[in-house]
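The structure appears below as structure tokens.
The values are calculated or read from the model by the stated rules, or taken from the named source; none is laboratory data. From a predicted model like this one, the values you see are computed outputs, not experimental measurements. Here Cβ is always computed from backbone atoms with ideal geometry, including for glycine, and neighbour counts include all displayed protein chains. All accessible areas refer to the heavy atoms of the entire protein, side chains included, with ligands and DNA or RNA removed. Shrake-Rupley method; radii C 1.70, N 1.55, O 1.52, S 1.80 Å.
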Amino acid sequence: MSDIEIIQDKCVGCGACLSSCPYGAITLQDNLAVIDDDKCTLCGACVSSCGFDAILIRKDQVEKADISDFKGVWVFAEQKNGQVQSISYELMGEGRKLADALGVELAAVIMGHKIGDACQDLIWRGADKVYAVDDPALEHFCDEPYARIMADLIKEYKPEIVLGGASTIGRALIPRVAIKARTGLTADCTSLAIDEEKRILLQTRPAFGGNIMATIICPNHRPQMATVRHKVMKEAECDKTRQGQIIKKSFDKATLASRTSVAQVVEEATNMIKLTEADIIVSGGRGMKAPENFTLVENLARAVGGAVGASRAAVDAGWLPYSHQVGQTGKTVAPKLYIACGISGAIQHLVGMQSSDCIIAINKDPEAPIFKVASYGIVGDVFEVLPALTKKLQETCGK
Amino acid sequence: MNIVVCIKQVPDTTDVRIDPATNTLIREGVPSIINPFDMYAIEEALRLREKLGGKVTVISMGPPQVTEALKEAISMGVDDAILLSDRAFAGADTWATSYTLSMGIRKMGGADVILCGKQAIDGDTAQVGPGVAEFLDIPQVTYVKKIEQIDDKKAKVWRMTEEGYEVVDTSLPAMFTVVKEINEPRLPSLKGKMKAKSFQPTIWKAADIAADEKNIGLNGSPTNVVKIFTPPVRSGGIILQGDINEAVATVVEGLKERQII
Ligand SMILES: Cc1cc2nc3c(=O)[nH]c(=O)nc-3n(C[C@H](O)[C@H](O)[C@H](O)COP(=O)(O)OP(=O)(O)OC[C@H]3O[C@@H](n4cnc5c(N)ncnc54)[C@H](O)[C@@H]3O)c2cc1C
Ligand SMILES: Nc1ncnc2c1ncn2[C@@H]1O[C@H](COP(=O)(O)O)[C@@H](O)[C@H]1O
């Protein structure tokens, strides 16, 4: 059995590991760290915290899968109505970089119905090959056939890396594929890199609400799979001179079968930009006081071409639908600019937006915690600041 | 109807503080809670039972202290609780966790509906629900915000998407992972609290669920954490008080400089 050990000769009793343990499993006894097996989950957080290499996790020698003939980088490309989604362009951009670092091909896998143009588009976006599965049964995303097909293709062509979006679809599909392929999957990565010496993928992602970052590898299984957070990687440029190969694949009835079916697709009537797609988000909280005051937030969002978000307090009050909620029980966002209006900055809200590049906070309480993460904090009344800010931005952006 | 809810005990991240001297996290004394999304899964299970009859069982994989979380579920009205606890399970990534939970559920004799939270707030992966569904070879609907219709054999549910939602028909048994919008979790009842006090979960070890040791814990996990680090703490920005027009002008200048607008 694998286990964790404190190497007593090395442990100096500094206690650094105590505060690193998310489970409170480490105590100091006689100036040595002691791990409580009843609490420890072998998560490994303490290992990196120890400056003296005194903590060792021993993993039993496991059978290594034969990984030598896995080659190439794959992107699972999402499409809607034949249009490749922006998250997939981001994956193509990142996938191209990884493929070039490894000196291998980049391929995209796309499924749907009537997706010819999308295949061509993927080549312009950097794919050397596109594996396309076009079938009426695949028109809407369906977990089971999509997962079977993806796993079958992986088995046949053996890519070493497979990337998907950390979107609603990616987060439903890719985990099932990873189980079928008996390989590791790292969720929601914000940075990917190749360790050139070992030819492995270094996958970095936030955990504990962005309070810590973890770098994860998948050393003994292939493909190495990761889902990637929207809006952190750069979209691949469209180069219409690029050449590539489209490989059409078809599958039998059993593979295409599904026990779920989409009866209806409802697009919620908003002409507003989607939260997860937005470069700029303007969010309102309880400080907006009433639903009708959200027009101030919307006006500002319009002036800068942004999306509208909300704190849980505003959503719970029924001022905006849940789909707008940012935070621990809502969406995690990381736009270039986040403007928080009348939001106090409770930790549950902060974990959903604190990795935004630039944060503007508007709050009349100078002690509000939101100011701690703000790049610019304006202490003032939203009902005065928002119209002034909107006007100034309209003048500047010329809208 | 047999309903199983997978719940995870997580450290209450919102209680995590930063040590200003060392810039590291202070996690000592951080209380453990039931993963918030799993509370919605428990509530939905109780509502299904109220509508259709049957039994609600929660299952969790984790160290013995998870018993506390299971007792809390019992106090809300859950019928029974199972704890998969074995040192050999420790260090499991989502692959091994999904395998272990699925073996536990198999041992229970399966279920008509399995509910999970959308994601756990410690790992934030959202992978375990679909993973369990795959191991059990049952259909799944993720991000469920409403169960519109359900009987013994099938269900019609609403699945939240980036644009709105989809109405999805599925046969049962099925896995649903739920979002916050689905309901408002109830508080524990007095009767529930009484029951929870003396309640002890059934504890199963690896051998009890016939788990293959190659598939559990650290050994069964394809992924390894190689490094954990604290992201750079956001340095405080500029706080503007006083004249609003001046403040607004400063901010807009700053945005221009940063080439955001
Ligand atoms: C398990 C759990 C999960 C949660 N998940 C989330 C989540 O996902 N997202 C989330 O946002 N919250 C979440 N919360 C709730 C969170 O703790 C806070 O309650 C919530 O974020 C507060 O919202 P708020 O800032 O809008 O409201 P308040 O905290 O009430 O803040 C309103 C702010 O507006 C300011 N204000 C008032 N009037 C004006 C004015 N005229 N001009 C300028 N400023 C004004 C006030 O000074 C105050 O700072 C969660 C809580 C729990 C327990
Ligand atoms: N150790 C566990 N025991 C029971 N359920 C779990 C466990 N880990 C995850 N889950 C379930 O899977 C969901 C998603 O978790 P995660 O994939 O870790 O984000 C959670 O909301 C739980 O319902």
Could you tell me which of the residues B:A126, B:A73, B:A111 is within 11 Å of chain A (Cβ to nearest Cβ), small (G, A, S) and buried (at least 23 other Cβ atoms within 10 Å of the Cβ)? B:A126
Give the residue that is least open to solvent (accessible area, probe 1.4 Å), with candidates limited to residues of segment A:38-60 that are at the interface with chain B (Cβ under 7 Å from one of its Cβ atoms) and of a type in the set (D, E). A:D60
Residues that are loosely packed, with under 15 Cβ neighbours inside 10 Å and either modelled with pLDDT under 95 or within 30 Å of A:L192 (Cα to Cα) (or both): does segment B:204-211 have at least one? no
Answer from A:I35, A:I6 - the residue that is away from chain B (no Cβ under 13 Å), among the hydrophobic types (A, V, I, L, M, F, W, C) and surrounded by 13 or more Cβ atoms within 10 Å (Cβ to Cβ): A:I6
Of all the strands (runs of 3 or more DSSP E) wholly in segment B:125-183, which have at least 3 residues that are under 30 Å from A:T204 (Cα atoms)? B:140-150, B:174-178
Is segment A:328-340 home to any residue that is in contact with a strand residue (DSSP E or B) (Cβ under 8 Å, 6 or more places away or on another chain), under 19 Å from B:I244 (Cβ atoms) and either open to solvent by less than 40 Å² (accessible area, probe 1.4 Å) or within 16 Å of ligand 2 (Cβ to nearest atom) (or both)? yes
Confirm whether A:G284 is open to solvent by less than 10 Å² (accessible area, probe 1.4 Å), more than 8 Å from chain B (Cβ to nearest Cβ), farther than 23 Å from A:T396 by Cα and not hydrophobic (A, V, I, L, M, F, W, C). no
Determine whether A:K274 is at the interface with chain B (Cβ under 8 Å from one of its Cβ atoms), farther than 30 Å from B:I138 by Cα and either surrounded by fewer than 21 Cβ atoms within 10 Å (Cβ to Cβ) or within 16 Å of ligand 1 (Cβ to nearest atom) (or both). yes
More than 16 Å from ligand 1 (Cβ to nearest atom), open to solvent by less than 20 Å² (accessible area, probe 1.4 Å) and in contact (Cβ under 8 Å) with a residue 40 or more places away in the chain, is that true of B:S98? no
Can you name the residue in segment A:357-374 that is in contact (Cβ under 8 Å) with a residue 24 or more places away in the chain and at the interface with chain B (Cβ under 10 Å from one of its Cβ atoms) and is also nearest to ligand 1 (Cβ to nearest atom) among such residues? A:I362
If we ask which residues in segment A:155-171 are open to solvent by 10 Å² or more (accessible area, probe 1.4 Å) and more than 14 Å from chain B (Cβ to nearest Cβ), their number turns out to be 4
Qualifying residue in segment A:315-327 (condition: closer than 18 Å to A:T390 by Cβ, small (G, A, S) and near ligand 1 (Cβ under 7 Å from one of its atoms)): no
From the list A:A313, A:A334, which residue is among the small types (G, A, S) and part of a helix (DSSP H, G or I)? A:A313
Given segment A:111-195, what helices (runs of 4 or more DSSP H) lie entirely inside it while holding 3 or more residues that are acidic (D, E)? A:143-157
Restricting to segment A:193-213, count the residues that are in contact (Cβ under 8 Å) with a residue 60 or more places away in the chain and either at the interface with another protein chain (Cβ under 10 Å from one of its Cβ atoms) or crowded, with 23+ Cβ neighbours inside 10 Å (or both). 7
Quick one: in segment B:129-159, of everything that is farther than 15 Å from B:L115 by Cβ and within 16 Å of ligand 2 (Cβ to nearest atom), which residue is surrounded by the fewest Cβ atoms within 10 Å (Cβ to Cβ)? B:F135
Mind listing whichever residues of segment B:39-53 are buried (at least 18 other Cβ atoms within 10 Å of the Cβ) and not basic (K, R)? B:M39, B:Y40, B:A41, B:I42, B:E43, B:E44, B:A45, B:L46, B:L48
Select from segment B:38-47 the residues that are away from chain A (no Cβ under 14 Å) and within 16 Å of ligand 2 (Cβ to nearest atom) and list them in ascending order. B:I42, B:E44, B:A45, B:L46
Regarding segment B:216-230, can at least one residue be identified that is open to solvent by less than 60 Å² (accessible area, probe 1.4 Å) and more than 9 Å from chain A (Cβ to nearest Cβ)? yes
Which of (1) open to solvent by less than 70 Å² (accessible area, probe 1.4 Å); (2) within 11 Å of chain A (Cβ to nearest Cβ); (3) assigned to a loop (DSSP other than H, G, I, E, B) does B:P188 not meet, given it meets every other one? (2)
Consider segment A:83-107. How many of its residues are part of a loop (DSSP other than H, G, I, E, B) and either β-branched (V, I, T) or crowded, with 16+ Cβ neighbours inside 10 Å (or both)? 3
Working only within segment A:229-263, note down all residues that are under 27 Å from A:K155 (Cα atoms), in a strand (DSSP E or B) and within 13 Å of another protein chain (Cβ to nearest Cβ). A:T260, A:S261
Scanning segment A:346-399 for residues that are open to solvent by 10 Å² or more (accessible area, probe 1.4 Å), among the hydrophobic types (A, V, I, L, M, F, W, C) and over 19 Å from A:H324 (Cβ atoms), the one farthest from ligand 2 (Cβ to nearest atom) turns out to be A:A388
Restricting attention to segment B:58-70, the residues that are buried (at least 21 other Cβ atoms within 10 Å of the Cβ) and in contact (Cβ under 8 Å) with a residue 40 or more places away in the chain number exactly 8
